[in-house]
1. For the range 53-77: of the residues being more than 9 Å from ligand 1 (Cβ to nearest atom) and assigned to a helix (DSSP H, G or I), which is nearest to residue 186 (Cα to Cα)?
2. Condition first: within 15 Å of ligand 1 (Cβ to nearest atom) and either outside any strand (DSSP E or B) or at positive phi (or both). Now tell me which residues in the range 177-195 satisfy that.
3. How many of the residues making up the range 170-196 are more than 16 Å from ligand 2 (Cβ to nearest atom) and free of Cβ contacts under 8 Å to residues at least 40 places away in the same chain?
4. I'd like the full set of residues that are touching a helix residue (DSSP H, G or I) at 6+ places or on another chain (Cβ under 9 Å) and either more than 11 Å from ligand 1 (Cβ to nearest atom) or part of a loop (DSSP other than H, G, I, E, B) (or both), limited to the range 25-40.
5. Just name the residue that is farthest from the chain's Cα centre (by Cα) out of those in the range 41-52 that are within 13 Å of ligand 2 (Cβ to nearest atom) and assigned to a loop (DSSP other than H, G, I, E, B).
Ligand SMILES: Nc1ncnc2c1ncn2[C@@H]1O[C@H](COP(=O)(O)OP(=O)(O)O)[C@@H](O)[C@H]1O
Ligand SMILES: [Mg+2]
């Protein structure tokens, strides 16, 4: 009896987790950039991954989104090992992301930029495209309508035919979130969405993340703005030199002596770098 109930409890636990990272290491031939990292991501929550520059945060996102293969260990998404899946296959599993560097296409309209994120979902086989079958036209119309809804949702309130160069930097970052949402993800990973933004634009990103969580979309946030991280995260994983050094609620993490030391160390290095002739 005890075993059965334990099994059920385990099942319920795995049901709550959308991602399990198990003993993950990644190397590019040299020393490990990620070293024996394990954690789980709970469905519908906001999880932040923080750490000094070069800690391995972007590499971790790249592994979580199938761009890089783990060297050791594995990543389970929705219970399945993503080891052999390409990013587009992960998109079909409900995983989407934005990148640390802006990836906006400036020669397309804002609507077309959002559509780029959706084309996977379009019911557009090769022949349907050539023959312009009604099913394609219908889904294209629906896709354009959804793209405009997403632009509205992220607060890019311009005509759909506007070119991105008319947008502020903050609006470009939100345009990228709209594109990442266009494949209807259950899990979205944001790599430094507030980098380079002013406090007002950062607040807009915060509001957006909160709205995603309200819609039960799991958010993974990599971010240096600690006010944003503290304000929006349910859970934080801290990495330093590729190792997980802490995990927990914002309060617990920012009281952790190892975390404080990692950040003071990083700031000390920056200050030292600043005064070096
Ligand atoms: N494709 C790659 N090839 C070799 N080294 C890499 C590659 N990607 C990242 N690294 C190295 O991994 C380390 C962590 O980088 P990164 O994940 O970008 O850190 P963060 O995002 O935390 O600033 C750095 O030392 C970086 O040079
Ligand atoms: Mg990075």
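1. Taking the range 53-77 first, the residues more than 9 Å from ligand 1 (Cβ to nearest atom) are 63-67, 69-77.
Add one more test, that the residue is assigned to a helix (DSSP H, G or I), and what stays is 63-64.
On the way: 63: 17, 64: 14 Å.
That would be 64.
2. First, pick out the residues of the range 177-195 that are within 15 Å of ligand 1 (Cβ to nearest atom): 189-195.
Those that are within 15 Å of ligand 1 (Cβ to nearest atom) and either outside any strand (DSSP E or B) or at positive phi (or both): 192, 193, 194, 195.
3. Quick first cut of the range 170-196, residues more than 16 Å from ligand 2 (Cβ to nearest atom) only: 170-172, 174-175, 177-188.
Checking the rest, the ones that are also free of Cβ contacts under 8 Å to residues at least 40 places away in the same chain come to 170-171, 174.
Residues that pass the stated criteria total 3.
4. If we filter the range 25-40 for residues that are touching a helix residue (DSSP H, G or I) at 6+ places or on another chain (Cβ under 9 Å), which is where we start, we get 26, 28, 33-34, 37, 40.
Those that are touching a helix residue (DSSP H, G or I) at 6+ places or on another chain (Cβ under 9 Å) and either more than 11 Å from ligand 1 (Cβ to nearest atom) or part of a loop (DSSP other than H, G, I, E, B) (or both): 28, 37, 40.
5. Result: 52.
To keep it simple, each residue is scored yes or no on (1) within 22 Å of residue 108 (Cβ to Cβ); (2) modelled with pLDDT under 95; (3) surrounded by fewer than 19 Cβ atoms within 10 Å (Cβ to Cβ); (4) in contact with a helix residue (DSSP H, G or I) (Cβ under 8 Å, 6 or more places away or on another chain).
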site	(1), (2), (3), (4)
155	yes, no, yes, yes
164	yes, no, no, yes
175	yes, no, no, yes
239	no, no, no, yes
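The values are calculated or read from the model by the stated rules, or taken from the named source; none is laboratory data. Worth saying up front: this structure is predicted, and the values here are computed from it rather than measured. We place every Cβ from the backbone using ideal geometry, glycine too, and count neighbours over all the protein chains shown.
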